[in-house]
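Engineer: This structure is in structure tokens; I'll ask about it shortly.
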Amino acid sequence: LEHLDTLPTQADKDLSHKIIHEHELRGAENSTIMEGYKELHDFLKGKGFKVGLQTRNSEPVTAITLDKFNLDYDCVLTRDNCAPKPMPDGLLKMQDLWSINPEEMIYIGDFLFDLETAKNANSKSGLFLWPTNEHLITKADVAINNYKEFKKLIEREI
């Protein structure tokens, strides 16, 4: 996405955005929800926690995906309405919207940009572990192998 701004002509930029959009649409159509995520999402919402989503996907593709899995968030920020990760703008916006302190928020992701986003917003970070990202574990406040494990961690804290 950052590279698109460096393309020489508007036609090149438009074509590139079209191609990315088509790939994202196929990704949304073929996506599956991660095991345990829906249960975690519904548990958090049921306990009154604010749940937000910040993604580098486009707003239309994000809406399709959320509808597909019947996910309801208190705040959804995409690349269309928020500075992209690792900029902290999205998390800062959520903190302000929900009137919470940075240390009351945890941001879960599986990539370095996610951990940097949390750090840049002075929030806690969680790393969803994959075999290819274990080298990032020391940069996270908490690391989880699956969403059932994360739900149990939260249940112990409340």
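Engineer: Quick one: in region 118-155, which of the residues that are more than 15 Å from the chain's Cα centre (by Cα) and among the basic types (Lys, Arg) is farthest from Lys50 (Cα to Cα)?
Structural biologist: Among residues in region 118-155 that are more than 15 Å from the chain's Cα centre (by Cα) and among the basic types (Lys, Arg), the one farthest from Lys50 (Cα to Cα) is Lys139.
Engineer: Okay, next question. Where the second residue is in a helix (DSSP H, G or I) and of a type outside the set (Asp, Glu) and the first is under 11 Å from Leu112 (Cα atoms) and lies in region 132-158, which pairs have Cβ atoms under 9 Å and are six or more apart or on separate chains?
Structural biologist: Pairs found: Asn133/Leu112; Leu136/Leu112; Leu136/Leu115; Lys139/Leu112; Lys139/Leu115; Lys139/Lys119; Ala140/Leu115; Ala140/Ala118.
Engineer: A further question on this structure: Residues to consider are Cys75, Cys82; find the one that is crowded, with 20+ Cβ neighbours inside 10 Å, in contact (Cβ under 8 Å) with a residue 24 or more places away in the chain and closer than 23 Å to Glu24 by Cα.
Structural biologist: Cys82
Engineer: Report, by residue number, each residue of region 88-103 that is modelled with pLDDT of 95 or more and either over 13 Å from Lys119 (Cβ atoms) or surrounded by fewer than 17 Cβ atoms within 10 Å (Cβ to Cβ) (or both).
Structural biologist: Asp89, Gly90, Lys93, Met94, Gln95, Asp96, Leu97, Trp98, Ser99, Ile100, Asn101, Pro102
Engineer: Between residues in region 85-110 that are under 15 Å from Phe49 (Cβ atoms) and hydrophobic (A, V, I, L, M, F, W, C) and residues that are at pLDDT 95 or above and open to solvent by 70 Å² or more (accessible area, probe 1.4 Å), which pairs lie under 7 Å by C-beta distance while being six or more apart or on different chains?
Structural biologist: Here the result reads Trp98/Lys50; Met105/Lys124; Ile106/Lys124, each pair linking region 85-110 to a residue that is at pLDDT 95 or above and open to solvent by 70 Å² or more (accessible area, probe 1.4 Å).
Engineer: Same structure, new question: Somewhere in region 36-55, is a residue surrounded by 16 or more Cβ atoms within 10 Å (Cβ to Cβ) and over 23 Å from Ser125 (Cβ atoms)?
Structural biologist: No, because not a single residue in region 36-55 is surrounded by 16 or more Cβ atoms within 10 Å (Cβ to Cβ) and over 23 Å from Ser125 (Cβ atoms).
Engineer: Given the criterion at pLDDT 95 or above, among the β-branched types (Val, Ile, Thr) and closer than 24 Å to Phe43 by Cα, identify the matching residue among Ile106, Ile158.
Structural biologist: Of the residues listed, the single one that is at pLDDT 95 or above, among the β-branched types (Val, Ile, Thr) and closer than 24 Å to Phe43 by Cα is Ile106.
Engineer: Now a separate question. Scan region 108-158 for residues that are among the β-branched types (Val, Ile, Thr), over 19 Å from Trp98 (Cβ atoms) and either part of a strand (DSSP E or B) or open to solvent by 100 Å² or more (accessible area, probe 1.4 Å) (or both) and jot them down.
Structural biologist: Passing the criteria: Thr132, Thr138, Val142, Ile144.
The values are calculated or read from the model by the stated rules, or taken from the named source; none is laboratory data. No experiment lies behind these values; they were computed from the predicted model shown. In this analysis, Cβ positions are derived from the backbone assuming ideal geometry, glycine residues included, and neighbour counts consider all displayed protein chains. Only protein heavy atoms, including side chains, enter the accessible area calculation; ligands, DNA and RNA are left aside. Shrake-Rupley method; radii C 1.70, N 1.55, O 1.52, S 1.80 Å.
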